[in-house]
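Structure, as structure tokens:
The values are calculated or read from the model by the stated rules, or taken from the named source; none is laboratory data. Given the structure is predicted, the values throughout are model-derived calculations rather than measurements. Here the Cβ positions follow ideal geometry from the backbone for every residue, glycine too, while neighbour counts run over all protein chains shown.
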Amino acid sequence: MLSYRHAFHAGNHADILKHAALSLILTNLNQKDKAYYYLDTHAGAGLYRLDSDWALKTQEAATGIQMLWPQRTRLPLLKPYFDCIQRLNSQIGDKDLPLNYPGSPWIAQTLVRSTDHLVLIELHPDDEKILKSNLGKQYKNTKIVVQDGFQELIARVPPPLKRGVVLIDPPYELKQDYQLVTDTLAQAYKRWATGIYAVWYPILATQRDHSATMLRKIKQGTYTNLLKVELKVQGAQSEFGMHGSGMLIVNAPWQLDTQLNTILPILTEVLAQDDKASWTVEWLKEPS
Ligand code: SAM
């Protein structure tokens, strides 16, 4: 049943929104000495070649990171994210485009400190093997688990470290993923109400879009701090296109909304594929 492979999509506009938000959250957590916990429920392979057959088949990076890369100095808030990509592509010259792209586990492993703890969960046995060979053995503070990310999240919170962030990034191949996200988030929050949760979701053409319903249901929960950021790179497409994506952040760190409001206009301008490109940063529940 596991047919989704992130290698087809690495470095696309949705990865940029997700990884930009993730790097802002981790940079914020790094401002305090106290160690924290990072849990990735759907980790993927950790590292991707943008000239692989898979990536070239969809060419999604060409309208994603490869479009953004030459404009990166306009986004100083995203320097930690761009530095991570630069280190992976140390041989490239000023005019070249990156061919190695980091997944969320790589970004997290690069940004956390040696005292922080990472748990990376991936169900696909092939991706889990690649993830392990990409980064597993090098770091003592990282645990890679081949399991269902939703069940593991509930089993692993509250974590031994009090501070932390959970990235929830399922493929939404199956319609039930939307309800699973809603239910799992509610259960995890009940057990660990102070954790930060960052949920990625796709924005699809209306007849296939279940994200708005998911957000409505999550908003009805007991959360006290819910921040939503969305980036649409074009107007709604035919039945199968993903024209945008969003991140819902529970317990958003202080000033994340301001930072997102600073970067989104530039990301939208650079990644726009037509004149319907747009962005929003909105509190669904604003902390008092
Ligand atoms: N978070 C990654 C990143 O940003 O680089 C990308 C993850 S990709 C969108 C989703 C991943 O979830 C795929 O690698 C897929 O194999 C994996 N997956 C699918 N169902 C899963 C499940 N129930 N539990 C854990 N992983 C799952």
For region 156-236, give me every one of the strands (runs of 3 or more DSSP E) that falls completely inside it and has 1 or more residues that are of a type in the set (Val, Ile, Thr), surrounded by 20 or more Cβ atoms within 10 Å (Cβ to Cβ) and free of Cβ contacts under 8 Å to residues at least 24 places away in the same chain. none
Just the residues that are of a type in the set (Val, Ile, Thr) and within 21 Å of the chain's Cα centre (by Cα), please, taken from region 191-243. 194, 196, 199, 203, 213, 218, 229, 233
Give just the number: which of (1) touching a helix residue (DSSP H, G or I) at 6+ places or on another chain (Cβ under 6 Å); (2) on the phi > 0 side of the Ramachandran plot does residue 255 not satisfy? (1)
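Scan region 144-155 for residues that are touching a strand residue (DSSP E or B) at 6+ places or on another chain (Cβ under 7 Å) and not in a loop (DSSP other than H, G, I, E, B) and jot them down.
First, pick out the residues of region 144-155 that are touching a strand residue (DSSP E or B) at 6+ places or on another chain (Cβ under 7 Å): 144-145, 147, 149, 152-153.
Residues satisfying the conditions are 144, 145, 149, 152, 153.
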What single numbered condition from (1) outside any strand (DSSP E or B); (2) within 24 Å of residue 107 (Cβ to Cβ); (3) within 14 Å of the ligand (Cβ to nearest atom) fails to hold for residue 140? (3)
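Is it true that residue 283 is of a type in the set (A, V, I, L, M, F, W, C), assigned to a strand (DSSP E or B) and more than 18 Å from residue 168 (Cβ to Cβ)?
Values: of a type in the set (A, V, I, L, M, F, W, C): yes; assigned to a strand (DSSP E or B): yes; more than 18 Å from residue 168 (Cβ to Cβ): yes.
Here the answer is yes, as residue 283 does meet what is asked.
For residues that are crowded, with 16+ Cβ neighbours inside 10 Å and of a type outside the set (Phe, Trp, Tyr), scanning just region 66-79, find the one that is farthest from residue 109 (Cα to Cα).
Here is the first cut: in region 66-79, the residues crowded, with 16+ Cβ neighbours inside 10 Å are 66-69, 72, 75, 77-78.
If we keep only those that are of a type outside the set (Phe, Trp, Tyr) too, we end up with 66-68, 72, 75, 77-78.
Values: 66: 23, 67: 25, 68: 23, 72: 21, 75: 22, 77: 19, 78: 16 Å.
Looking at residues that are crowded, with 16+ Cβ neighbours inside 10 Å and of a type outside the set (Phe, Trp, Tyr), I get 67.
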Given (1) modelled with pLDDT under 95; (2) more than 13 Å from the ligand (Cβ to nearest atom); (3) of a type in the set (Val, Ile, Thr), number of the condition residue 157 does not satisfy: (1)
